[in-house]
């Protein structure tokens, strides 16, 4: 995972925009894909698959056709990171991605999570049908290592492979062996930490096992996609030593092509991180392998670039074509293992625990729910973030009551692109329509982060009879100054915003928001503020960032006084994403509000005090 993916939201959220850095790309599809009948899908368009042992994995699929392409991700990565790639592949065949245990919406990973378990879970995810209709595996990074083990152990299941900067059987002996001890220790720590809980010795053992019993694909097609842009030296390693590491790494990538007699190697000179910098290279590789499987033509005789016209032989419905008003869970779907009915449990809801909700007009929104009970917790995300940003707390919410999180248009698994000139008021209306269409019963406790705080407060202002409590997590407030900074720079930054929020829509949106502010009576309310000094993007000056922080911090104090039954807690070591940096504080806040709603009681900030000092960052002065 790119380490800056979360940090990039923070500063602009404080400035009242919440603008996330997004990567645009051109998706390319073949001009003349050979006609191939669409097989009934082996996996649902979107849902949870029971893989045994109380674990369920989240899967998301688009398109139609055979062979199916399955994407396996890098360490800690989620399916939405590969959305441009998956969407483009879905134009010429069925394309599915899944989250390993501990990632995205999937069940938490056990400690330790061993490679044999991971390969076994993938096998159960695909089911026995995989052998009758072999698939094309796309493995990225560490996912490339796991897919190699899978292809070796279940050869009849795999029709071909694409490996994107994969870890290989020689990583431990040829690459890690050249690193200084402190660098190896850091990499080992990265493996064993949340969310995947891998065991470094077990991962190295998998590499040794692949050396003892190597994978051989025979004549099955294989395309290796490799970054061409060198990385900057790390760990204090000298430039000469780093170049030796890079040369060793490139040689190992070359060696991967020997896994098949029918292979090709694509080097992307423009790419340091292929899913962002060169997604079209992966799409081309997948198209070549799929075409080779369908036609039997060797890779060497196929075009080296994907044609650009849209195919007609295998038309592909998008994610927006998946209504869920009549959807039912698949045979393999199971409730989340952590969902524990409470004394106030409601009957099993009609909406699936995980799925796409048809909103009409070509829009579908992804919804994920856990647990049982009332009131229903409904979660709205910060700008540019999807429901996976609540992965460390969502199962705990489900132990308290029914809890649902969704992805706004253009984000996560929901359809895109988002509407242009997307206003806060429009987002609040979309949330209300989603709850109606999915038959999510009220009353609601609204939980929101960052920009989501504006949306849920507009929701509450329009539907006060449906909202019985709120938890606001370092939210943007009416005190924010969206005109701070250079307007032209802000317009440029927001021009291609993934959520359709533009600068000139945002300004009247804030005025509309301020005009809608109303007292909340004695509604249970918790307001959480982050005081940890985390790194910020270098777009603005430190004094601008500090001024924006002070404004929003003061605004959050004002919001806490809108209810006569409120508590405010300051997470002094947490950054903007309190649900990631200090998850027990957020869980305790939701529990406090839900219990106050159930008992008609009051919220008390003292109940949150044991959790306010958690987090990785030093407090501000």
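The values are calculated or read from the model by the stated rules, or taken from the named source; none is laboratory data. These numbers come from a predicted model, not from an experiment. All Cβ positions, even for glycine, are placed from backbone atoms using ideal geometry, and neighbour counts span all protein chains on display.
Just to check your reading of the model, which residue among 181, 233, 200 is closer than 30 Å to residue 581 by Cβ, free of Cβ contacts under 8 Å to residues at least 12 places away in the same chain and surrounded by 13 or more Cβ atoms within 10 Å (Cβ to Cβ)?
One residue alone meets the criteria, 233.
When residues of the stretch 268-310 are filtered for being outside any helix (DSSP H, G or I) and at pLDDT 95 or above, how many remain?
Of the residues in that region, 0 qualify.
Checking residue 467 against (1) touching a residue at least 60 places away in the same chain (Cβ under 8 Å); (2) touching a strand residue (DSSP E or B) at 6+ places or on another chain (Cβ under 9 Å), only one condition comes out false. Which one?
Here residue 467 meets the rest and fails (1).
With the requirement that a residue be surrounded by fewer than 24 Cβ atoms within 10 Å (Cβ to Cβ) and either farther than 20 Å from residue 355 by Cα or at pLDDT 90 or above (or both), what does the stretch 34-48 give you?
34, 35, 36, 37, 38, 39
Please find, among 97, 76, the residue that is outside any loop (DSSP other than H, G, I, E, B) and either touching a residue at least 24 places away in the same chain (Cβ under 8 Å) or under 15 Å from residue 136 (Cβ atoms) (or both).
97
Each row is one residue, and each column tells you yes or no for (1) in contact with a strand residue (DSSP E or B) (Cβ under 9 Å, 6 or more places away or on another chain); (2) surrounded by fewer than 21 Cβ atoms within 10 Å (Cβ to Cβ); (3) over 24 Å from residue 391 (Cα atoms).
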site	(1), (2), (3)
585	yes, no, no
595	no, yes, no
598	no, yes, yes
601	no, yes, yes
606	yes, yes, yes
619	yes, yes, yes
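Among the listed residues 613, 576, identify the single one that is in a loop (DSSP other than H, G, I, E, B), touching a residue at least 24 places away in the same chain (Cβ under 8 Å) and surrounded by fewer than 17 Cβ atoms within 10 Å (Cβ to Cβ).
Answer to the selection: 613.
Report, by residue number, each residue of the stretch 134-144 that is surrounded by 24 or more Cβ atoms within 10 Å (Cβ to Cβ) and outside any strand (DSSP E or B).
Of everything in the stretch 134-144, those that are surrounded by 24 or more Cβ atoms within 10 Å (Cβ to Cβ) and outside any strand (DSSP E or B) turn out to be 142, 143, 144.
Report yes if residue 210 is crowded, with 16+ Cβ neighbours inside 10 Å, modelled with pLDDT of 85 or more and more than 19 Å from residue 143 (Cβ to Cβ), otherwise no.
No.
Is there a residue being part of a loop (DSSP other than H, G, I, E, B), within 25 Å of residue 617 (Cα to Cα) and under 24 Å from the mean Cα position of the chain (by Cα) anywhere in the stretch 584-601?
No, that holds for no residue.
At pLDDT 95 or above, touching a strand residue (DSSP E or B) at 6+ places or on another chain (Cβ under 7 Å) and either closer than 27 Å to residue 596 by Cα or not in a helix (DSSP H, G or I) (or both): is that true of residue 428 in this structure?
No.
Of the conditions (1) under 30 Å from residue 195 (Cα atoms); (2) in contact (Cβ under 8 Å) with a residue 40 or more places away in the chain; (3) not in a loop (DSSP other than H, G, I, E, B), residue 555 satisfies every one except a single condition; which number is it?
The single condition residue 555 does not satisfy is (1).
Taking the criterion of being within 26 Å of the chain's Cα centre (by Cα) and closer than 24 Å to residue 411 by Cα, would at least one residue in the stretch 510-525 satisfy it?
no
State yes or no: is residue 88 surrounded by fewer than 21 Cβ atoms within 10 Å (Cβ to Cβ), outside the structural domain of residue 423 (by TED's automatic domain parsing) and either on the phi < 0 side of the Ramachandran plot or at pLDDT below 85 (or both)?
The answer is no for residue 88.
Residues to consider are 266, 274; find the one that is in the same structural domain as residue 147 (by TED's automatic domain parsing), within 28 Å of residue 109 (Cα to Cα), surrounded by 17 or more Cβ atoms within 10 Å (Cβ to Cβ) and touching a strand residue (DSSP E or B) at 6+ places or on another chain (Cβ under 9 Å).
Exactly one residue qualifies, and that residue is 274.
This table checks each residue for (1) under 14 Å from residue 392 (Cβ atoms); (2) crowded, with 24+ Cβ neighbours inside 10 Å; (3) in contact with a helix residue (DSSP H, G or I) (Cβ under 6 Å, 6 or more places away or on another chain).
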{"position": "67", "(1), (2), (3)": "no, no, yes"}
{"position": "79", "(1), (2), (3)": "no, yes, no"}
{"position": "84", "(1), (2), (3)": "no, no, yes"}
{"position": "95", "(1), (2), (3)": "no, yes, yes"}
{"position": "109", "(1), (2), (3)": "yes, no, no"}
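Would you be able to tell me the number of residues in the stretch 249-261 that are buried (at least 18 other Cβ atoms within 10 Å of the Cβ), over 12 Å from residue 166 (Cβ atoms) and either in contact with a helix residue (DSSP H, G or I) (Cβ under 8 Å, 6 or more places away or on another chain) or at pLDDT below 95 (or both)?
So the answer is 0.
Give me the pairs, please: first residue somewhere in the stretch 487-502 and in contact (Cβ under 8 Å) with a residue 60 or more places away in the chain, second residue anywhere and part of a helix (DSSP H, G or I), beta-carbon distance under 7 Å, and either six or more positions apart or on two chains.
Close Cβ pairs satisfying both conditions: 490/503; 494/503; 501/494; 502/494.
Condition check ((1) buried (at least 19 other Cβ atoms within 10 Å of the Cβ); (2) closer than 22 Å to residue 418 by Cβ; (3) touching a strand residue (DSSP E or B) at 6+ places or on another chain (Cβ under 6 Å)) across all residues:
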| site | (1), (2), (3) |
| --- | --- |
| 474 | yes, no, yes |
| 479 | no, no, no |
| 488 | no, no, no |
| 492 | no, yes, no |
| 504 | no, yes, no |
| 520 | yes, no, no |
| 527 | yes, no, yes |
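What is the residue count in the stretch 408-453 for residues that are more than 23 Å from the chain's Cα centre (by Cα), farther than 23 Å from residue 474 by Cβ and buried (at least 22 other Cβ atoms within 10 Å of the Cβ)?
Qualifying residue count, the stretch 408-453: 0.
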